[in-house]
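As structure tokens, the structure follows; a few thoughts come after it.
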Amino acid sequence: MTHSAASDSDDLAALLARFAGRSVLCVGDVMVDHSLYGDVKRISPEAPVPVVRITREESELGGAGNVVRNLAALGARCAFVAAVGDDRAGRDVGNMLAQLPGVEPYLRVSKRRETTVKSRFFSQDGQQLLRADRETVAELSPEGLKDLERAVTAQIAECDAVILSDYGKGVLTGSLAAMVIACARKANKPVIVDPKGNDYARYRGATVITPNRAELADAIKLPVDDEERLVAAAKSLRSQIGIDAVLVTRSGEGMTLLDKDTLTHLPAETREVADVTGAGDTVVATLTLAIASGADLLSAARLANIAAGIVVGRHGTAVATPADIAAALRQDQRADADNKVSDRGGMTARAMEWRRQGLKVGFTNGCFDLLHPGHISLLREARAACDKLVVGLNSDASIKRLKGPDRPVQNESARAAVMASLSSVDLVVIFGEDTPGALIEVLRPDVLVKGADYTRSQVVGGDFVENYGGRVVLAEILPSHSTTATIAAAKTAKSAKS
């Protein structure tokens, strides 16, 4: 990290901890991001274009839907107001929103609209080959507008902050943006705008606006090709539409925050850039939650900058979780190992990223209380059966239920740190249930590994994994090694000495 000292990191970590349970109202253009991956091995005989043999497809929420995904990943509650068509993609949007925790959607369904779908074609190594869009770009009908206004009015009092996520598809290009801002201001709620187009008058009175460099130039009709001109354009925008602050996102150059008369440049986090798609959604979600949690704008922008640095290192419309951001905030020598310890949301995002790269994801689990050669052997064999190994680690509470009040010997934080330090382990996730069944259902591993001291019928989640084409592996383990035996031997030795 380049922007703050250890004390600043502690402050940002404390701010991050306040995200859980915050409520945000998000209004904007939702869409489906459809990604198709395949082998590219020849050129079409019909035209000089590559032939893609599709091997897998994925659909995710895009546009304002990706803002909602980020809010949910960060632990917030969200009321989401948007419009979709009466079509399959619109139903897909509803289904995907229903799977997000804490999200309450208010979707206006219109037979006169087509739900926006962005289809991106990729080679197996993640190189984008083509994008094809299906969409309706038109203002809402009077009936649709009134419907969304009623939804906004009903939710405004319950939220801590408001996001306008404008992708120029019609939800916010009419009068709705101004109406939302007026209601929010009356209720004393901050409004953060991710803008689109060149008519920013509809955002008048917002708290913060977050254009990228190109959007700022388009809106102000001024060049922004150097620092001085960019700042002048940001000041002009702020004065023209009467907003409190402007946060200009500058891709690899970081961000520039203009808050009142204070100008701050935040350098980009030093991460390898894989894909900038959706980074602006992560910025606006993180910024809004920080403001809703009582942060000053500079602290909020710093946290948003860190979150953006995380998602640009991943392919597609990725999200940043609190565990991701907390790991990025740590600056000690354990940073690499700590980055392997995640929560379920981070696990899902990491597994999706690995699969986009064509990698096979494996899973094993255990208490791993006192690490011994038997554990090392199991983990080594598990890692050999896949490309990336996720280890589910029983929480302290679940171990006490399973093994008695004297266990574990090491607490879950210590056990997670030890596991994360092993080269054979790629990710550690602590679970509190007695079995890893729920974790397996979320991860959907390609390979499920247990020790050969289990029978196939005893493997929790085995039937589930095999039903969708996954594989169960019973790994050979070294004999005469167990944590219980190690503890008993230690007690015997202690008694002999005394």
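Key figures for this structure:
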quantity	calculated
Qualifying residue in segment 137-156 (condition: under 15 Å from Glu60 (Cβ atoms), in contact (Cβ under 8 Å) with a residue 60 or more places away in the chain, surrounded by 15 or more Cβ atoms within 10 Å (Cβ to Cβ) and of a type in the set (Gly, Ala, Ser))	no
Leading residue by the ranking (nearest to the chain's Cα centre (by Cα)) among those in segment 199-233 that are of a type in the set (Lys, Arg) and not in a loop (DSSP other than H, G, I, E, B)	Arg213
Qualifying residues in segment 76-121 (those that are of a type in the set (A, V, I, L, M, F, W, C) and more than 21 Å from the chain's Cα centre (by Cα)) - the one nearest to Ala20 (Cα to Cα)	Leu107
Which listed residue, of Val460, Val429, is in contact with an Asp or Glu (Cβ under 9 Å, 6 or more places away or on another chain) and β-branched (Val, Ile, Thr)	Val429
Selection count, segment 187-214, where residues are among the charged types (D, E, K, R) and more than 21 Å from Leu230 (Cβ to Cβ)	3
Candidates Gly345, Gly316, filtered to the one that is part of a helix (DSSP H, G or I) and at pLDDT below 90	Gly345
Candidates Leu379, Leu393, Leu370 - the one that is assigned by TED's automatic domain parsing to the domain that holds Glu476 and under 30 Å from Thr282 (Cβ atoms)	Leu393
Segments classed as strands (runs of 3 or more DSSP E), wholly inside segment 1-109, with at least 3 members that are without any contact (Cβ under 8 Å) to a residue 60 or more places away in the chain	30-43, 50-63, 77-85
Of the criteria (1) within 26 Å of the chain's Cα centre (by Cα); (2) touching a residue at least 60 places away in the same chain (Cβ under 8 Å), which one Lys196 fails	(2)
Test result for Val449, in contact with a Phe, Trp or Tyr (Cβ under 9 Å, 6 or more places away or on another chain), farther than 20 Å from Glu466 by Cβ and not aromatic (Phe, Trp, Tyr)	no
Qualifying residues in segment 376-393 (those that are surrounded by 23 or more Cβ atoms within 10 Å (Cβ to Cβ) and closer than 19 Å to Gln357 by Cβ) - the one modelled with the lowest pLDDT	Cys386
The listed residue being within 28 Å of Thr173 (Cβ to Cβ) and either crowded, with 16+ Cβ neighbours inside 10 Å or among the hydroxyl-bearing types (Ser, Thr, Tyr) (or both), out of Gly38, Gly75, Gly90, Gly126	Gly90
Segment 169-202: number of residues that are basic (Lys, Arg) and over 26 Å from Gly85 (Cβ atoms)	3
Cβ pairs under 6 Å, 6+ apart, first in segment 110-133 and at positive phi and in the same structural domain as Asp86 (by TED's automatic domain parsing), second part of a strand (DSSP E or B) and crowded, with 19+ Cβ neighbours inside 10 Å	none
In segment 110-121, the residues that are surrounded by 21 or more Cβ atoms within 10 Å (Cβ to Cβ), assigned to a strand (DSSP E or B) and not polar (S, T, N, Q)	Val117
Residues within segment 179-208 that are under 22 Å from Ala138 (Cβ atoms) and either of a type in the set (Lys, Arg) or not assigned by TED's automatic domain parsing to the domain that holds Val284 (or both), tallied	2
Check on Tyr468, farther than 17 Å from Cys367 by Cα, in the same structural domain as Cys367 (by TED's automatic domain parsing) and not hydrophobic (A, V, I, L, M, F, W, C)	yes
Pick from segment 144-193, criterion assigned to a helix (DSSP H, G or I), of a type in the set (D, E, K, R) and more than 30 Å from Arg134 (Cα to Cα), ranking: nearest to the chain's Cα centre (by Cα)	Glu158
Yes/no for Asp387 being in the same structural domain as Gly462 (by TED's automatic domain parsing) and in contact with a Ser or Thr (Cβ under 7 Å, 6 or more places away or on another chain)	no
Selected residue [farther than 21 Å from Ala17 by Cβ, surrounded by 19 or more Cβ atoms within 10 Å (Cβ to Cβ) and either hydroxyl-bearing (Ser, Thr, Tyr) or in the same structural domain as Val67 (by TED's automatic domain parsing) (or both)] from Gly252, Gly280, Gly309, Gly242	Gly280
Qualifying residue in segment 420-440 (condition: farther than 30 Å from Arg56 by Cβ and crowded, with 21+ Cβ neighbours inside 10 Å)	no
Near pairs, Cβ below 6 angstrom, 6+ apart or cross-chain, from segment 266-287 (at positive phi and assigned to a loop (DSSP other than H, G, I, E, B)) to any residue that is at pLDDT below 90 and β-branched (Val, Ile, Thr)	Gly278/Thr317
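The values are calculated or read from the model by the stated rules, or taken from the named source; none is laboratory data. Source: prediction; values computed, not measured. Don't worry about glycine lacking a Cβ; one is built from the backbone with ideal geometry, like all the others, and counts go over all protein chains shown.
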